[in-house]
Amino acid sequence: MKFCLILFVALGATTLNNALVFRFSNVICESHNISWFVFDHCRLKAVSRNRVLLNMMGTVLHPTNNVQVHAKIFKRANGYKPWLFDFKVDACRFLHKNYNPAAKIIYGLFREFSNINHTCPFVGPQIVKDFYLKPELLLLPLPTGDYMLAIRWLFFNRIQFDTNVSFVYVEDLVTEKKLNNQ
């Protein structure tokens, strides 16, 4: 599994990433324990045909030093089917030292739009503001399709909240083919 992931990252870094469309299509945020975490808002805002902004703000009500993230990526094909990734990460350890390649790719997409850039403890507002998907930051070659990134957040091994973000990725094969033929 790790070899396949490293191979995909290497191929993605060496090829051109020409995405015709790479944008959000839906977001669902759900708090399972409002005594620990509350969503203030979680919404998408379309600013152009190919750019949709994600704004999310939640508040961690009590300091936590133990945050686990369980992430899965699904691809839509007669419903959402499990796809390439299904991994768990210790978020406190990851923010101290980026040790998981899949989490590094996902974190790299939204790092500049967020205040989630410090190590534990987490407390207070956690903000993702005006986040849009940039194809140049995606290090993996993805097939054209609809995807969902489902993230389950656990504090002290108890489920606190879920964030499910759906996005569309359409590869610009026509332009890429023209560039390769020249």
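Things worth noting here:
- Whole-Hz Karplus values for the stretch 57-68 come out as 9, x, 10, 8, 7, 10, x, 10, 10, 10, 10, 10 Hz, taken residue by residue from phi with 6.51 cos²θ - 1.76 cosθ + 1.60 and θ = phi - 60°; glycine and proline positions read x.
- Under-5 Å amide H pairs with Phe161, H placed in peptide plane, nonlocal only: His32, Trp153
- If the convex hull is drawn through the Cα atoms of the stretch 2-181, its volume per residue in Å³: 123
- A Cβ-based charge dipole, computed about the Cα centre of the stretch 2-181 with Lys and Arg at +1 and Asp and Glu at -1, lands at about 160 debye.
- When each of Ser35, Ser114 is scored by the number of other beta-carbon atoms lying within 10 Å, the sequence from fewest to most is Ser35, Ser114.
- For the stretch 66-146: Kirkwood Rh in Å [reciprocal of mean 1/r, alpha carbons]: 14.3
- Relative contact order [Cα under 8 Å, 6+ residues apart], the stretch 25-112, whole percent: 17
- Cα-projected label distance for Lys97 with Leu61, points at 7 Å along beta-carbon direction, nm: 3.6
Computed from the coordinates by the stated procedures, all read-outs in this text should not be read as laboratory data. Please read these numbers as outputs of a predicted model, since none were measured by experiment. We place every Cβ from the backbone using ideal geometry, glycine too, and count neighbours over all the protein chains shown.
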